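The structure appears below as C-alpha cells.
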Amino acid sequence: MNKISTDKAPAAIGPYSQAIVAGDFLFASGQIPINPATGEIQGTTIEEQAEQSMKNVGEILKAAGADYTKVVKTTCFLADMGDFAAFNGVYEKYFTEKPARSCVAVKQLPKNVLCEVEVTAYLK
C-alpha cells in the first residue's frame with residue numbers, strides 16, 4: 001500500500017491519510033471544502049462548498065496519476081438533503097462518467113461544512 005499526499009489538497013485533520021493506493025485502486029478520504037492555500041472553509045453556499053470539495057478530490061486524484069474519469073464510486077455526505085439538487089449541479093460537472101454513488105444526509109460534518117465527498121478510483 002502507498003500513501004498519497006499532496007499540499008494542493010487539505011492536510012488530514014485527524015489520524016488518517018489523504019488517500020491510499022492498494023493494488024490498482026485509490027481509496028481517498030472524504031474531502032470537505034477547505035481551501036488548502038488558506039486552511040479556511042471556502043464558501044458559504046452548497047454550490048461554493050461543493051466546488052471546493054470537488055477541486056480537493058481532483059488534486060488527490062492528480063497526485064495519484066488519475067483524474068475524475070477513473071472514479072468508480074463516490075460517497076457524498078450532505079448536511080441537508082434540501083441541498084441535493086444544487087449539489088448535483090456541481091457534482092455532474094466533475095463526474096461526467098457517472099460512477100456508482102451513495103449520497104446521504106448526516107447530522108453534522110467536520111467543521112460544520114455543508115458537504116463531504118470521498119472517492120474510490122481504478123488506476124489502470
Quiz item: Helix 84-94 sits at what angle to the longest principal axis of the chain, using alpha carbons and giving 0 to 90 degrees rounded to 10?
Solution: 30
Quiz item: Given H placed on each backbone N at 1.01 Å, which residues far from GLN31 in sequence or on other chains put an amide H within less than 5 Å of it?
Solution: VAL117, GLU118
Quiz item: With θ set to phi - 60° and the Karplus curve 6.51 cos²θ - 1.76 cosθ + 1.60, what are the ³J(HN,Hα) couplings of region 19-29 in order, to the nearest whole Hz, using x for Gly and Pro?
Solution: 6, 10, 9, 10, x, 9, 10, 9, 10, 9, 5
Quiz item: Short version: ³J(HN,Hα) in whole Hz for each residue of region 97-104, in order, from phi by Karplus 6.51 cos²θ - 1.76 cosθ + 1.60 (θ = phi - 60°), x for Gly and Pro, what are they?
Solution: 7, 6, x, 4, 8, 10, 9, 10
Quiz item: With Cβ to Cβ distances under 15 Å as the rule, what net charge do the other residues near GLY82 carry (K, R +1; D, E -1)?
Solution: -2
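Around GLU59, with a cut-off of 10 angstrom between Cβ atoms, what is the net charge of the other residues, counting Lys and Arg +1 and Asp and Glu -1?
Working: positive: LYS8, LYS55, LYS62; negative: ASP7.
Surrounding charge for GLU59 is +2.
In terms of the Cα gyration tensor, with a ≥ b ≥ c the square roots of its eigenvalues, is region 55-124 rounded because a/c is under 1.5, prolate because a/b exceeds b/c, or oblate?
Numbers: a/c = 2.18, a/b = 1.70, b/c = 1.28.
In terms of gyration-tensor shape, prolate.
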Practice problem: Count the DSSP beta bridges whose two residues both fall in the chain, then state the antiparallel fraction as a percent rounded to the nearest 5. | Solution: 75
Quiz item: Got the relative contact order for the chain handy, in percent, Cα pairs under 8 Å and 6 or more residues apart?
Solution: 32
Quiz item: Could you work out the helix-only [θ] at 222 nm for the chain, with each DSSP H run of four or more residues adding -39,500 (n - 2.57) and the total divided by the number of residues, to the nearest 500 deg cm²/dmol?
Solution: -7500 deg cm²/dmol
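Rule-based calculations on the coordinates, nothing more; no lab input. Source: prediction; values computed, not measured. Virtual Cβ from ideal backbone geometry, glycine too; neighbours counted across all protein chains shown.
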